[in-house]
Every structure is written in C-alpha cells, then in structure tokens.
Amino acid sequence: MPKTKNNKKDGVEQIVAKAFAHPLRVQILIILNEKVASPNMLAQQLDESLNLVAYHVRVLEKYDCIELVDTKQRRGATEHFYRATRRQLLSDDQWASMPASLRPGMAEAILKSIFEDIESASKSGMLDKVDDVHVTRTPLVVDNQGWSDISDLLQGALDRLLEIQGEASERMAKSSGEGRLAKVHLLHFESPKANGLQADKAETTNS
C-alpha cells in the first residue's frame, strides 16, 4: 500500500525515537552539533569506552543523525570524523510520540549538557565578561491555554535562533571576523504545586 503523509510522519518520529533511545546518543549528538569529532575523541570527552561510543555513533549514522566528513590515518588505523546533520532537539510531536520510559534519560542527558555549559562559563569567567548576558527565571501560574501559548512562544524563539545562526554564518563566511560561541538554553516544565499556588516573583538579570 502507498504510504500516506501520516505514515511518513509516524516513520520519522519512530526513527527519531530510536535514535534518541539512549542518553549517550543524545550526548554524542550534542557534541557533534558543536564540532567535528571521532569516536575516539568522543570517548575521551565523555569518559566512556571506545567500543561503546563507536557502537552508538554507528546507530546515529544509521538513522541519518550524523554524517562522516573526514578520515585520517592514526597509528596504522583509520580514524573517522563525524558531524551532526540534525539538531539534538525534538519537536513537541516527536517528544509526545517518544515512550514515557525513554523521556527521563533524554531529559537527563540534555540537562547534563546545560549544567556543564553553565559550570564551564562560570569557572572561566565568561558569565561576567560581557555586558549583555541574559539570565532569567520566571515562575508562572497558567491554565492549559496559557501553557500551550508558552510552548508556542518558545518554539518560535527556537526557530528564530536557528535563523539567526544561519544569517550569522553567511556574514562570517564573507568576512574575516571571528565568531562568538553563544549558548542559549530554553526550559519550560511543570513544577510541583506550592502552597497557595502563587507565582513567585520573576528573577531576572539582563545586563
């Protein structure tokens, strides 16, 4: 039978769910979104065995999440270098289609990367280096429509961030200016109810 659009969509979501079914694959994809690396380099950065990392790299390549970009001879062996072909994030529909048992592992892998980014920036003094750093914590109390509106707003912000990246890449390709590594983390989650269900005062730093 010919595949319908819905079947095609379901197939893509199933592939994504399988590719992201292990937290280590999420961590690998996060790294390969930022730089080209080999399984050996990934194993050292993640402090995991080379065999384990190489296996998960093959799974990501199988599902077209990464691609081979270079090979080099190292001590009589061929080292393969990869980069990501898709961002590590899932759409709302893909997240919803992922089995509930897999969601905690994926969330943990992404949060681990976020915490490492913040710790690295803090220890290196980068959080204080620039004048326009933005740090915001905004607790809210909303109904279901409000929740949906926030999700839509953040998805739009993410789409615009990727457009900004593309526009910046085009400008940098035409100039000799050095790029700045920016990290933007978006979190939206439901919190346990506090007494009185009142939104705390928003805490914002936007220098």
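These residues, LEU127, LEU42, go from largest to smallest accessible area, 1.4 Å probe, as LEU127, LEU42. When the residues ARG25, ARG74, ARG180 are ordered by accessible surface, computed with a 1.4 Å probe over the protein chains alone, the sequence from largest down reads ARG180, ARG74, ARG25. Each peptide in 29-38, 107-116 receives the mean, over its residues, of other Cβ atoms within 10 Å, and ordering these scores from highest gives 29-38, 107-116.
Of the whole protein surface, TYR55 contributes about 110 Å² of accessible area at a 1.4 Å probe radius.
Summary value for the range 21-89: 40 percent relative contact order, contacts being C-alpha pairs under 8 angstrom separated by 6+ residues. For the listed residue pairs LYS18/LYS62; LYS112/LYS193; LYS35/LYS183, the alpha carbons are over 19 angstrom apart in LYS112/LYS193.
Each residue of the range 111-128 was assigned a 3J(HN,Hα) from its phi angle through the Karplus curve 6.51 cos²θ - 1.76 cosθ + 1.60 (θ = phi - 60°); the sequence is 5, 4, 5, 5, 4, 5, 4, 5, 4, 5, 5, 5, 5, 8, x, 6, 5, 9 Hz, with glycine and proline shown as x.
The values are calculated or read from the model by the stated rules, or taken from the named source; none is laboratory data. On a predicted model such as this, the values are computed, not experimentally measured, just so you know. Because the Cβ atoms are built from the backbone with ideal geometry, glycine has one as well, and the counts that use them run over all protein chains shown. In case anyone asks, the SASA skips ligands and DNA or RNA and just uses the protein heavy atoms, side chains included. Shrake-Rupley method; radii C 1.70, N 1.55, O 1.52, S 1.80 Å.
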